[in-house]
Amino acid sequence: MLSPLPDAALDRLFRQGRSFNHYRDEPVSEADFRAVWDLMKWGPTSTNQLPARLVWVASAEGKATLADCASGSNGDKILAAPATVIVGMDLDFHENLPELFPHADAKSWFGDEEGRRVSAFRNASLQGAYLIMAARALGLDCGPMSGFDADAVDRAFFADHPRVRTNFISTIGHGDPAGLHERLPRPDFDRFNRLA
């Protein structure tokens, strides 16, 4: 039987993990991005779909392009962060199922376009959450956001993959705690849970 993770790990992943808008002046590298992927890819998705398609935006040109797609202060956050990852979703994820789920004809289960869209969104969102947890586990911090023009992001970053759509984006780096607000409420179990 597996033992629970120690409190220090649970604190880092959950209780003390925060969404950051400000980062220390420390770079992140391709090796960091690869390490995050190599952890997050193990998180479960339906029929091992793995529909997320990631673009790691770290160049000045890429950040400027992405910032132009953002709304409000999100553009400034993108420009100031060491990197931002675009979490896209492949609407044709089923084409990879013969390799990713070889013990059944799972590709045939996803012939309906709308059903694929729903499944891609659900499972790419799961993978985005795994990305945040993987980044935290590796000593990085994230600032997920949805204030952007998804169509503009698709045109700028997925033009050569027209069946991929943007789900959400997240800054990534070494967070600066000086920029954090007071922790927002997290209600106890009985507030949002019930037993059936």
Could you grab me the full set of residues in segment 113-149 that are among the hydrophobic types (A, V, I, L, M, F, W, C), assigned to a helix (DSSP H, G or I), under 15 Å from GLY88 (Cα atoms) and touching a Phe, Trp or Tyr at 6+ places or on another chain (Cβ under 9 Å)? ALA120, ALA124, LEU131
In the set LEU97, LEU91, LEU126, LEU140, which member is in contact (Cβ under 8 Å) with a residue 12 or more places away in the chain, more than 15 Å from the chain's Cα centre (by Cα) and under 28 Å from SER71 (Cβ atoms)? LEU91
Going through THR45, THR65 one at a time, which residue ends up being of a type in the set (Ser, Thr, Tyr), more than 15 Å from the chain's Cα centre (by Cα), over 24 Å from ALA178 (Cβ atoms) and at pLDDT 95 or above? THR65
For segment 25-33, does any single residue satisfy the condition of being surrounded by 13 or more Cβ atoms within 10 Å (Cβ to Cβ), hydroxyl-bearing (Ser, Thr, Tyr) and either at pLDDT 95 or above or not in a helix (DSSP H, G or I) (or both)? no
Only unsatisfied item for ASN167, checking (1) more than 23 Å from ASN74 (Cα to Cα); (2) part of a strand (DSSP E or B); (3) not basic (Lys, Arg), is (1)
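The values are calculated or read from the model by the stated rules, or taken from the named source; none is laboratory data. Remember, predicted model here, so these are calculated numbers, not experimental data. Cβ: placed from backbone, ideal geometry, glycine included. Neighbour counts: every protein chain shown.
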